[in-house]
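> Below is a structure I'd like to ask you about.
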Amino acid sequence: NPEGKVWGAICECCGNPFRLNDMNVDHKVGESTLKTVEDVQQFVNNIVFVKKEDLQFICKGCHKQKTYSEREGVTFEEAGIIKQAIEIQKNKQDKDWLEANNLVPASNAKQRRQQIIDKLMEEVNNA
């Protein structure tokens, strides 16, 4: 970059601008897996014979959310909510978050995560 400018792009998923190093190239259609021998042909087709129109330029956050969605069989929006709940727990804020949202924290982490997910889903559905 000869002029000291930061190169960037717009995420094709969320529409926000990002630096190039905060972006990923993503296959628009599904994730390719190699769990069985039968998966080899489809994996090769998806990776080797890819065309430009099969790819999109998206931010790392959207890429992680899209990948989670595909792997877990949930919608992109549900994946975002689940990842948000995971992050709240990872930062050890789950009990405080639940109390701040007028909920009594469940006795174990799995149940608390589900409480957070349910509350976030409720907020999205009521918006």
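The values are calculated or read from the model by the stated rules, or taken from the named source; none is laboratory data. These numbers were taken from a predicted model, which means no experiment stands behind them. For neighbour counting, all protein chains shown are included, and Cβ atoms are generated from backbone atoms with ideal geometry for every residue, glycine included. The protein model used for the area step is the full one, side chains on, heavy atoms only, and it has no ligands, DNA or RNA in it. Shrake-Rupley method; radii C 1.70, N 1.55, O 1.52, S 1.80 Å.
> So which of Ile10, Ile81 is touching a Pro at 6+ places or on another chain (Cβ under 8 Å), surrounded by 11 or more Cβ atoms within 10 Å (Cβ to Cβ) and hydrophobic (A, V, I, L, M, F, W, C)?
Ile10
> Looking at segment 102-113, which of the residues that are assigned to a helix (DSSP H, G or I) and without any contact (Cβ under 8 Å) to a residue 24 or more places away in the chain is farthest from Thr75 (Cα to Cα)?
Residue satisfying both the conditions and the ranking: Ala109.
> Now for a different question. Could you tell me which residue of segment 62-75 is nearest to Cys14 (Cα to Cα), considering only residues that are assigned to a helix (DSSP H, G or I) and without any contact (Cβ under 8 Å) to a residue 12 or more places away in the chain?
If we filter segment 62-75 for residues that are assigned to a helix (DSSP H, G or I), which is where we start, we get 62-72.
Still in the list and also without any contact (Cβ under 8 Å) to a residue 12 or more places away in the chain: 69, 72.
Values: Ser69: 15, Glu72: 20 Å.
Among them, the one singled out is Ser69.
> Another question about this same structure. If I filter segment 88-127 down to residues being of a type in the set (A, V, I, L, M, F, W, C) and out of contact with any helix residue (DSSP H, G or I) (no Cβ under 9 Å at 6 or more places or on another chain), which single residue comes out as least open to solvent (accessible area, probe 1.4 Å)?
Within segment 88-127, the match that is least open to solvent (accessible area, probe 1.4 Å) is Ala100.
> Go through Lys60, Lys66 for me and flag whichever is at pLDDT 90 or above, in contact with a helix residue (DSSP H, G or I) (Cβ under 7 Å, 6 or more places away or on another chain) and surrounded by fewer than 15 Cβ atoms within 10 Å (Cβ to Cβ).
Lys60
> Further question: If I filter segment 18-39 down to residues being open to solvent by 60 Å² or more (accessible area, probe 1.4 Å) and farther than 17 Å from Gln65 by Cα, which single residue comes out as modelled with the lowest pLDDT?
Leu34
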